[in-house]
Amino acid sequence: MPATNRFIISVLLPDRVGALRDVTAAIVKLGGNIGGIRQNIVEGFFTLVFSAEHPAPVSADTIRAELVARLEAAAAVHVRLCEGRAVAPRLAGGCYVAMTRGVDRPGTIHAISSFFVEYGINIEDWQVESDGVDVVYTAQIVIPAAADFRIIQHAFRAQMQARGLTGTICHENIIRATNEIGPIKELLRR
């Protein structure tokens, strides 16, 4: 099997049709294969973070140069070689969803993320949306296996309430059972 290198690549540019196509064309041209990928639009900007495996002669500088050549001048591109283990070990524990809602105020995201750090909780995904009145913060988190969920749930609600927000944490299976269509037994087996 030929030697390969794994890279983590991020791209940020004003959103437009074809942005993902142009990024992937550069990777394909260099003989790369995309692994994990996360793409989103934030405030009108195309944001993309992904992993790609390339033949060993391809360097981070080569990938970056190919992307910069294909994308507009406003694009920000970062390419990082993954040395050692490609995937960080996942925190042992249960997967939960934390939801917070309220008026947008400076420091809210810092307060929520500080709470998680205090309890050893890792954030795996984060999304913030506004419905025009309130801001809704949704985080997919991993609570350590040894932690007492009831204590964390109570403390989270209290700290968010002190900031004028409503907050709750529930197991991911509750989200599945209440938001996906299908037999509950099947949803919980995934």
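The values are calculated or read from the model by the stated rules, or taken from the named source; none is laboratory data. Note that the structure is predicted; figures quoted are calculated from it, not measured. All Cβ positions, even for glycine, are placed from backbone atoms using ideal geometry, and neighbour counts span all protein chains on display.
Quick notes on this structure:
- Check on E180, among the acidic types (D, E) and in contact with a helix residue (DSSP H, G or I) (Cβ under 7 Å, 6 or more places away or on another chain): yes
- Flag for E53 being farther than 30 Å from G132 by Cα and surrounded by fewer than 11 Cβ atoms within 10 Å (Cβ to Cβ): no
- Condition check for I123: within 18 Å of the chain's Cα centre (by Cα), farther than 27 Å from D15 by Cβ and modelled with pLDDT of 90 or more: no
- When residues of the stretch 125-144 are limited to those that are in contact with a helix residue (DSSP H, G or I) (Cβ under 9 Å, 6 or more places away or on another chain) and either within 16 Å of G164 (Cβ to Cβ) or hydroxyl-bearing (S, T, Y) (or both), the one surrounded by the most Cβ atoms within 10 Å (Cβ to Cβ): Y137
- Every pair of residues 6+ apart whose Cβ atoms lie under 9 Å, when the first sits in the stretch 118-142 and is closer than 15 Å to G93 by Cβ and not assigned by TED's automatic domain parsing to the domain that holds R38 while the second is exposed (fewer than 14 other Cβ atoms within 10 Å of the Cβ) and acidic (D, E): A139/E124; A139/D125; Q140/E124; Q140/D125; I141/E124; I141/D125; V142/E124
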